Amino acid sequence: MLTANESVLEEIPPSRLNLRHLPYLQYRNGPVLPIYKFKRTPCAEELRQLTGLLAIRQANNTLIVTGVSFGCVDRELFFQGNHAFEGSLIQQVTLAYDEKYIYTKSGSFGCTIIGRSDYAIAETAAFVWGLESNIQIMHVHCNERFDFGAVLNEQLDLLLRNRQSKTELIVSNISPAQAKYITQVPHPIALELGNSLGSFSDGGYAFVEALHGRKLPFGSLRLGGEIHAPLGVCFQRLLLCESIDNLEMSCFVGPLLIRELLLASAKAVSFTIDISDSLRLDWTTIEIVPKHVSVEFSSCESVAHVDFIASFLRRLAALGDLVKLKLALCPKWVRGIPESIAEELIRVIDANQNLEELYMRYTFIEYDKHLGEIYAAMEHHKGLRRFKVDQYLEKVDPTHAMLKQLLKKNRSIEVLNYFGERITDGDEIDRIYSFNGFLRGSQSLAQSSTSFVTPLVNEALARSARGDFQRNALLMANHTDALCELAQYSSFFTMHA
């Protein structure tokens with residue numbers, strides 16, 4: 001039986017290769033890589049099944065080199081392959097002086113397209129992108145010699161076509177025309193620019209101006225690289241773009257950028273605060289415009305750091321109009337969060353009755369005596385729909401008694417883990433969630449006309465509420481008119497039976 005490699009690839013004898021036009025690759029201090037060609041056009045699954053470091057020739061004199069890349073230093077490309085040369089877990093391949101590349105990775109499959117022509121490399125990259133129909137995250141980076149402006153709009157479409165996918169671009173010369181085209185994608189996208197606005201050949205001017213002209217939501221924009229003060233005019237204009245759903249910074253941010261981000265016109269902002277550089281920040285003077293806020297703290301190793309975080313939470317409590325809040329506190333608090341922070345967090349929950357989602361990252365690691373108090377603040381919360389933690393505190397609530405009480409008090413809330421899955425015991429908690437869903441459905445029907453509700457109540461009595469006293473009682477309490485109408489029909493059919 002043929003292996004995945006053998007079913008798709010055929011090795012090209014060196015005598016048939018024109019090495020004058022083809023990239024010449026060899027292991028560092030080792031042999032030249034053998035070169036293959038596709039027997040036929042592969043599907044995405046066949047590409048993912050290829051093993052080892054393979055160089056596959058294309059008709060346009062580029063090479064597809066399979067394997068997850070760790071990056072490039074000078075002309076040395078570093079790969080993780082299944083078959084290491086000379087026992088090394090990291091493989092190095094040397095590029096010629098005139099060779100350039102673009103690296104692309106989707107899921108577990110990564111490949112580097114190497115060549116001498118920008119347009120040929122872009123063409124081959126588009127061939128690979130076109131094979132993937134279900135992209136979740138597409139990562140693309142290239143060396144400084146490759147001109148990303150050579151990528152055509154129809155080739156960009158292959159990266160941006162899926163509204164469910166995220167595209168990471170670590171490039172440095174996106175052209176103004178490409179920038180404008182990216183902002184005109186009809187559906188929201190998730191775009192990460194590894195070099196921030198330095199990803200654009202014009203510093204981001206065309207991109208930002210096009211965003212200001214966009215009427216539809218753009219989606220999520222994540223900016224990498226360092227942002228230094230003073231902030232450039234283009235970056236300040238970006239902060240005023242109303243079309244951005246979520247603006248995220250991947251670098252640590254200091255006082256100046258904190259102020260500017262919290263004044264941004266984006267619906268949501270996400271960033272990590274460099275506490276050491278920000279301790280003098282007076283939170284009472286900070287305006288917070290976005291209603292969705294995600295904040296991580298770089299460290300929390302001293303009393304001053306704890307006080308800083310508590311002060312931030314006090315400011316959030318004073319707002320009273322948050323909709324979503326994600327907090328990544330300190331993973332070093334193994335025995336639970338400090339008293340002052342727990343108290344301020346409870347105030348945030350109580351004061352923001354429009355809060356729909358609260359996500360606590362790193363917070364509940366092993367043991368936290370405040371879990372019951374935090375749950376108590378959620379029990380009668382009007383807006384809260386989702387509470388998310390990395391993992392449930394089995395040591396604090398081994399029988400899930402506190403969780404069950406929360407779900408019985410607040411019939412609208414879900415408690416989720418890191419993966420967005422409901423935390424459950426597989427038994428009673430599932431039944432509580434099921435009843436809560438029935439309750440919400442029953443209450444929403446109460447606002448509809450009797451003619452619409454009656455057949456649905458009849459269906460519920462015959463199916464989901466059948467033999468269930470609690471659900472029958474709920475229908476009687478919420479839909480008396482519909483039940484009376486059903487009783488009339490029942491009496492009519494009985495009289496004429």
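Quick rundown of the values:
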{"item": "Those residues of segment 276-288 which are surrounded by fewer than 16 Cβ atoms within 10 Å (Cβ to Cβ) and under 20 Å from E344 (Cα atoms), in sequence order", "result": "L279, R280, D282, T284, T285, I286, E287"}
{"item": "Some residue of segment 120-142 being surrounded by 19 or more Cβ atoms within 10 Å (Cβ to Cβ), at pLDDT 95 or above and of a type in the set (D, E)", "result": "yes"}
{"item": "A179 at pLDDT 95 or above, closer than 27 Å to N134 by Cα and outside any strand (DSSP E or B)", "result": "yes"}
{"item": "Test: residue in segment 400-423 that is assigned to a loop (DSSP other than H, G, I, E, B), among the polar types (S, T, N, Q), closer than 16 Å to I374 by Cα and modelled with pLDDT of 90 or more", "result": "yes"}
{"item": "Boolean, G219 is out of contact with any helix residue (DSSP H, G or I) (no Cβ under 9 Å at 6 or more places or on another chain) and farther than 18 Å from V295 by Cα", "result": "yes"}
{"item": "Residue count, segment 379-399 (criterion: at pLDDT below 85 and of a type in the set (S, T, Y))", "result": "1"}
{"item": "Qualifying position, being at pLDDT 95 or above, under 27 Å from E248 (Cβ atoms) and crowded, with 19+ Cβ neighbours inside 10 Å, among L329, L355, L345", "result": "L355"}
{"item": "Within segment 1-57, strands (runs of 3 or more DSSP E) holding 2 or more residues that are in contact with a helix residue (DSSP H, G or I) (Cβ under 9 Å, 6 or more places away or on another chain) and at pLDDT 80 or above", "result": "35-38"}
{"item": "Subset of segment 209-264 that is acidic (D, E) and under 23 Å from L169 (Cα atoms) - its residue that is farthest from the chain's Cα centre (by Cα)", "result": "E209"}
{"item": "Residue check, F70 modelled with pLDDT of 70 or more and aromatic (F, W, Y)", "result": "no"}
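The values are calculated or read from the model by the stated rules, or taken from the named source; none is laboratory data. Since the model is a prediction, treat every value here as computed from it, not as a measurement. Cβ sites come from the backbone with ideal geometry, for glycine too, and all protein chains shown count toward neighbours.
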